[in-house]
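Here's the structure we're looking at; comments come further down.
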Amino acid sequence: MEVRTDVAELLRQGLSNAEVGRRTGVHPVEVGEARRALGLPSFYALLPTYEAPPSHREHGTRAKYFVEGCRCAPCRAANRAAAAERSRLLAYGKWHPWVDAEPVRAHLRYLQTCGMGLRAIGAAAGVHRKQLQSIVNGRPELGRGPQKVVRPALAATLLDVQPTLDTLGASTVIPAAGTTRRLQALVAVGWPQTCLAKELGWAPNNLSALIVAPTVMVRTARLVRDLYERLWKVDPLTHGATQIGVSRARKRALQARWAPVAAWDDDAIDDPAAFPDWTGRCGTAEGYRDHYNHHIPVCDPCRQAAMERRRQRADRTQARELRAITHA
């Protein structure tokens with residue numbers, strides 16, 4: 001291939017294909033063919049190779065390329081791949097690079113009211129704390145206010161973070177539904193409250209107050225959760241309980257209608273709106289019959305289901321009587 005002298009000279013000076021084309025009027029594609037004919041390396045290979053020092057941003061990401069100015073081969077490749085993907089999405093009309101930051105900011109503030117600091121939220125989401133600071137309060141030291149928009153992927157990641165016993169602050173006060181249900185379930189399977197208090201290292205009076213408390217601190221909820229996981233399938237007789245104590249515990253739970261361990265699923269025991277499934281069919285009329293057949297205290301969902309079935313039967317009976325009177 002014959003290469004024009006002016007094109008060859010500019011290429012040897014290290015200019016890009018686009019710049020050579022602008023100066024000579026030759027199409028950049030033809031300039032690229034001339035570069036290959038001359039055996040010259042690509043323009044990107046001639047750029048200065050600056051490798052940014054180690055940080056929380058990994059090499060091979062576009063963030064490392066733009067924010068820290070890293071020009072190592074993996075970061076350059078990531079930048080080119082991201083640019084190509086952006087061009088493809090633009091061509092299909094699917095490029096939505098930003099979303100409103102207000103819902104994300106409101107969720108972060110909600111997590112803070114639950115006792116989670118920005119560092120804990122960042123650890124749960126895999127995001128650096130300073131990114132969260134930019135969303136919530138901005139960067140006053142840089143003269144920046146709170147962000148108005150965020151990337152969709154970051155928004156989805158942060159909105160997925162929910163307060164749990166493992167992420168909340170130890171002194172945060174939460175509803176005690178899961179804690180009381182766990183203690184009541186242990187009593188229902190025969191664990192005397194004195195034995196449970198001993199396992200926790202508490203006084204029996206403190207446990208008696210906790211077992212019906214409306215709220216509890218996170219640190220206490222964690223203790224009870226761990227106790228429940230350790231004892232729910234353990235025979236209390238092997239841990240110092242007497243047969244009389246086991247019988248009294250079960251009788252106390254039966255009188256108070258405390259659900260046993262088998263009535264609770266792990267996914268529902270912490271949900272205040274959930275109810276125990278005593279029979280395997282609770283919430284249905286069949287479950288109502290199972291309560292009586294197995295001498296189990298009738299739960300509210302089964303009682304409501306039975307009342308609804310009686311109401312339906314009464315309506316059908318009334319309808320039949322009206323039809324009989326009409327045809328008479």
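The values are calculated or read from the model by the stated rules, or taken from the named source; none is laboratory data. Note that the coordinates shown come from a computational prediction; the quantities given were computed from them, not determined experimentally. Every residue, glycine as well, gets a Cβ built from its backbone with ideal geometry; the counts of neighbours run over all protein chains shown. Protein only, heavy atoms only, side chains kept; ligands, DNA and RNA dropped before computing areas. Shrake-Rupley method; radii C 1.70, N 1.55, O 1.52, S 1.80 Å.
Within the range 57-73, residues that are aromatic (Phe, Trp, Tyr) and part of a helix (DSSP H, G or I) have Cβ atoms under 8 Å from residues that are surrounded by 16 or more Cβ atoms within 10 Å (Cβ to Cβ) and modelled with pLDDT under 90 in these pairs: TYR65/ARG71; TYR65/ARG76, counting only partners at least 6 apart in sequence or on another chain.
Residues in the range 19-29 that are open to solvent by 100 Å² or more (accessible area, probe 1.4 Å) and either under 30 Å from HIS128 (Cβ atoms) or not basic (Lys, Arg) (or both): HIS27 alone. Of all residues in the range 2-18, those that are within 18 Å of LEU46 (Cα to Cα) and open to solvent by 50 Å² or more (accessible area, probe 1.4 Å) total 4. Filtering ALA241, ALA249 for residues that are assigned to a loop (DSSP other than H, G, I, E, B), under 20 Å from LEU200 (Cα atoms), touching a residue at least 40 places away in the same chain (Cβ under 8 Å) and aliphatic (A, V, I, L, M) leaves a single hit, ALA241.
What do you reckon, is ILE135 more than 24 Å from ASP235 (Cβ to Cβ), at pLDDT below 90 and in contact with a Leu (Cβ under 9 Å, 6 or more places away or on another chain)? Spelling it out, it is not the case that ILE135 is more than 24 Å from ASP235 (Cβ to Cβ), at pLDDT below 90 and in contact with a Leu (Cβ under 9 Å, 6 or more places away or on another chain). Whether any residue in the range 42-55 is charged (D, E, K, R), part of a helix (DSSP H, G or I) and open to solvent by 50 Å² or more (accessible area, probe 1.4 Å) is what I want to check. No, the conditions are met nowhere in the range 42-55.
Taking the condition of being under 14 Å from the mean Cα position of the chain (by Cα), without any contact (Cβ under 8 Å) to a residue 60 or more places away in the chain and open to solvent by less than 50 Å² (accessible area, probe 1.4 Å), how many residues in the range 157-202 meet it?
Qualifying residue count for the region: 5.
Selection over the range 57-67 of residues that are more than 28 Å from the chain's Cα centre (by Cα) and surrounded by 17 or more Cβ atoms within 10 Å (Cβ to Cβ) gives a count of 1.
Considering the range 85-123 alone, what residues qualify as being open to solvent by less than 60 Å² (accessible area, probe 1.4 Å) and either in a helix (DSSP H, G or I) or in contact with a Phe, Trp or Tyr (Cβ under 6 Å, 6 or more places away or on another chain) (or both)?
Once the filter is applied, which keeps residues that are open to solvent by less than 60 Å² (accessible area, probe 1.4 Å) and either in a helix (DSSP H, G or I) or in contact with a Phe, Trp or Tyr (Cβ under 6 Å, 6 or more places away or on another chain) (or both), the range 85-123 yields LEU89, VAL104, ARG105, ALA106, HIS107, LEU108, LEU111, LEU118, ALA120, ILE121, GLY122.
Is at least one residue of the range 295-309 β-branched (Val, Ile, Thr) and modelled with pLDDT of 75 or more?
no
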